[in-house]
Amino acid sequence: MKNCEYQQIDPRTLPTPTPTPTPTPHHGPDGDRPEEPRGRPRRKWHVFPGKNRFYCDGRIMVARQSGVLPLTLGLILVTSGLFFIFDCPFLVKHLTSCIPVIGGFLFVFVVITLLQTSFTDPGILPRATPDEASDIEKQIDNTGNTSYRPPPRTKEVVINQQVVKLKYCFTCKMFRPPRTSHCSLCDNCVERFDHHCPWVGNCVGKRNYRFFYTFIVSLSFLTAFIFGCVTTHLALRAQGGKGLVFALQESPGSAVELVICFFSVWSILGLSGFHTYLVASNLTTNEDIKGSWSGKSGEDVTNPYSQRNIFVNCCSVLCGPMPPSLIDRRGFLPADESVQTAAADIELPTLATKSEINVCTQGTKGLLESATLPPLLSTSCPQGKPPTDPTGNFDPSPEISTSCGGARHTHHSRGRASTPRHSKTRSKKSKRAALQIANPSFDVPVSPTSPDAGPSSTARGHEGASFSHLH
Amino acid sequence: MAETHSLHDLQQPTVSSKVFVQRDYGSGTISKFQTKFPSELESRIDKQQFEETIQTLNNLYAEAEKLGGKSYLEGCLACLTAYTIFLCMETHYEKVLKKIARYIKDQNEKIYAPRGLLLTDPIERGLRVVEITIFEERSIGSGR
């Protein structure tokens, strides 16, 4: 019974604000069914607050901005396809039949690891429940003045004789664990955040770093292999004084492959080398770029997470136990959430202070009311629905978008604000950009002062409650 | 809405407050919870008992995240199969998580529920906190 009560109230999944204060019998997918005690059971991914898209009923997740993943996949498929069509027959005849076998194996490996990097939860931390958030607020020394943004909240811990500062995430309402960073592209805190990679269309974090590393290493092997084979092929054809032009005319596909591989191989190899260094020193791209452990400030700082042994570092990063996904996408939302708070959106900011003080003593109703605070106060509100829009069997609730209309428009403009920064990189066909892309200072909003914070301030500004602060 | 509210009261004991046991990051990013005894629980449960529960949880998480021969083997095998093995096989971590869930259920039934407390499995809170719900002491005949 108690377990039942506890599970029913899952505040982090409750925030699905309804536009109409009075529940109307309405064909909406969210909780507008006060009459029937249980409607169609919905999974938690439907109400996930981050900017992610879910497919196959929550089994597959990608970042909302899929970046250039189709381009990456397209380039790999086209190059490999041309290789198998144009080069393999000749090389099998003149050299050995191992070549398509090796090529095929590498190709399959690359595609699988790419898809796994893109579709795996990178290590997203679910947002704090309202109870947790208010508990933390109580512990923090609050000046009580809600009319201005308080200074950033930090907490210090000592890890292996190093002082590490933990920052408070205003979106997720919690102190971020060490090595965790908030990605504003995905609007999630990601554990062991490395970078957000547009080429794979996802963040690279604790859970999918090994896939990412395997992907770039196998891709560098594949690119180098194809490059070598194509060169050999053309060299063999051009033998006997026939010349390169003749060879290219005979095998036009090889020319395309040559160009793609030539430009890609350096950047991919460079990226692999860089990440091999990171793995060996147990660093993340984020930490390396920010110079967290490089000791440039003059003090004696070392990486507290490194095991001081290259082999052990590699093993722990790449072969360590696979942590589980913390967001439980496919879990079912408690049926009881259909008993929605009837409070209109306007009332919530005033309720905020009340429930902050007395979240638990108001009982179930108070919990439900306070639970609906996070989405409206944070910019994740409109993303509760739109990111999960494209799936076929899910009815995108229009009522959500109308209720948070203002905030949603802001979200879109914020999204647009970030895209121009990325469109430059996306339009580059060459994979040389991969090196730059991997550089998080270019595209990864690891610090709270990301451009996304700018336009969204208006949305947060008029919320007014003590919770709503830019992080 | 008022009706529903009282219906809830009839069905379940009232939650009086929640206590959150935060993570202890002193040893790095491994999953470990602070064993400091929260003052709100002083009247409800023995300090030793509580610390023992948390310590056992910490040990179980350490077992799940242990870097050893077995986990390396699993990792290497997974790498060779392009990680497709994760689709069919339950990882060591998942097995230990099930063990933890059973342990928490057991602790709740034996120790915490009789004292009007409820432990929440940290995995349901993203491994951020151990949430302990404190139920009001209910007098006989109230609301039933």
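A few points about this structure:
- Filter on B:Lys47/B:Lys99; B:Lys18/B:Lys47; A:Lys51/B:Lys32; B:Lys18/B:Lys95; A:Lys44/A:Lys138; B:Lys66/B:Lys98 - keep pairs with C-alpha separation over 19 Å: B:Lys47/B:Lys99; A:Lys51/B:Lys32; B:Lys18/B:Lys95; A:Lys44/A:Lys138
- In nm, spacing of pseudo-spin labels at B:Lys66 and A:His94 (7 Å Cα→C-beta vector): 5.7 nm
- For segment A:45-61, backbone phi angles converted through the Karplus equation (6.51, -1.76, 1.60; θ = phi - 60°) give residue-by-residue couplings of 5, 4, 10, 5, x, x, 8, 10, 10, 10, 10, 6, 6, x, 6, 10, 9 Hz, Gly and Pro being listed as x.
- Cα gyration tensor category, rounded, prolate or oblate, for segment A:220-279 with a/c compared to 1.5: prolate
- When peptides A:203-209, B:126-132, A:314-320, B:72-78 are sorted by average Cβ neighbour count within 10 Å, with the highest value leading, the order is A:203-209, B:126-132, A:314-320, B:72-78.
- Extension gain, B:Arg115 back to B:Ile30 (0.36 nm per residue minus Cα-Cα distance, nm): 27.6 nm
- To the nearest 10, the accessible area of A:Asp57 is 40 Å² with a 1.4 Å probe.
- Helix axis angle, B:47-64 relative to chain B longest principal axis, alpha carbon, degrees: 30 degrees
- Just checking the listed ones, B:Ile54, B:Ile85, B:Ile100: in the Gaussian network model of chain B with Cα springs under 10 Å, the one fluctuating most is B:Ile85.
- Derived scalar couplings ³J(HN,Hα) [segment B:85-100; Karplus, 6.51 cos²θ - 1.76 cosθ + 1.60; whole Hz; x for Gly, Pro]: 5, 5, 6, 9, 10, 7, 6, 4, 4, 5, 5, 5, 4, 5, 4, 5
- With helices as the sole contributors, chain B gives -13000 deg cm²/dmol at 222 nm; each DSSP H run of n ≥ 4 counts as -39500 (n - 2.57), and the sum is divided by every residue.
- A Förster radius of 41 Å combined with the Cβ-Cβ distance from A:Lys165 to A:Trp266 puts the calculated FRET efficiency at roughly 0.65.
- Label point of A:Asn309 set 7 angstrom out along Cα-Cβ; within segment A:248-289, amide nitrogens under 16 Å from it belong to A:280-282.
- Inter-label distance for A:Leu75 and A:Ile102, nm, one decimal - labels placed 7 Å from Cα along Cα-to-Cβ: 2.3 nm
The values are calculated or read from the model by the stated rules, or taken from the named source; none is laboratory data. None of the values given here were measured: they were computed from a predicted structure. Here the Cβ is made from the backbone with ideal geometry for all residues, glycine too, and neighbour counts use every protein chain on show. The accessibility values were calculated without ligands, DNA or RNA, using every heavy atom of the protein model including side chains. Shrake-Rupley method; radii C 1.70, N 1.55, O 1.52, S 1.80 Å.
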